[in-house]
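The values are calculated or read from the model by the stated rules, or taken from the named source; none is laboratory data. All figures in this text were calculated on a predicted structure; none of them were measured in a lab. Here the Cβ is made from the backbone with ideal geometry for all residues, glycine too, and neighbour counts use every protein chain on show. The area values use the complete protein model at the heavy-atom level, side chains included, leaving out ligands, DNA and RNA. Shrake-Rupley method; radii C 1.70, N 1.55, O 1.52, S 1.80 Å.
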Amino acid sequence: MGPRTSSGSAVLDSGTRELTRAVPLFSLAGRMRPDGSRLGALVDRYDYGRFEPHLRTSEKVLPVPVLAHRATPDDLHLPHGGHGLDLASVDITVVATHRGDVTPVLDCQFAADTEPAALAARLADTCFERARISLGDRPLLDVLNERLTSCSGGTADAPAGSCHRPTAARPRRCRRPGPRPGADATMCRCDSTVSLGR
């Protein structure tokens, strides 16, 4: 028996989108535990359609959003420009796993026609030139570091539990003790300085 279409009444969540969507993800070095994040679950931030119940039952093992920022399209700059694409929206979300792995997600939607070659060039920039992406007039990673490590009680732009700003000169130490007094930041729920993975 070969593959065939469903004869049931299930509604599939596939179809034509009005806007082209590209969602690059980056690996980061450094650790951050998502304890105390007030941004809800991953399944609350994206529309997973018919898969939502499966993700709800798996929430305990999925990454947790620790930072969410809606940028204006004019603020996101790639090293080789926009390749002629009309960026309509960009949502930046940073997620952390319960073991501390950190991943930023750039959810970009494009208006008008999206030429495949231009989209491929843009995606190549976000892959091979990701360290040179900027938000406003600053490197994207610097902006994320500042927001992830600023002192806050947890807002839409900064997670709860972060307690220090990054510096490149020395390893980070927590002001608030982790599992033992003076523990490295990677041992508590605070973040050490994160950097783009290679």
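Summary table
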{"read-out": "Sulfur and carbon atoms: percent of accessible area, the range 57-154 [1.4 Å]", "value": "53"}
{"read-out": "Chain lengthening between Ser27 and Arg99 when straightened (0.36 nm per residue, less Cα-Cα)", "value": "24.5 nm"}
{"read-out": "Per residue, in Å², the accessible surface of the range 58-133 once ligands and nucleic acids are set aside, probe 1.4 Å", "value": "48"}
{"read-out": "Modelled FRET efficiency - R0 25 Å, Phe51 with Cys127, Cβ distances, 0.05 increments", "value": "0.45"}
{"read-out": "Charge tally in the Cβ shell below 11 Å around Arg138, where Lys, Arg are +1 and Asp, Glu are -1, Arg138 excluded", "value": "-4"}
{"read-out": "Under-5 Å amide H pairs with Leu28, H placed in peptide plane, nonlocal only", "value": "Val102, Gly197"}
{"read-out": "Net length gained if the chain between Ala120 and Val61 were fully extended (0.36 nm per residue, minus Cα distance)", "value": "18.0 nm"}
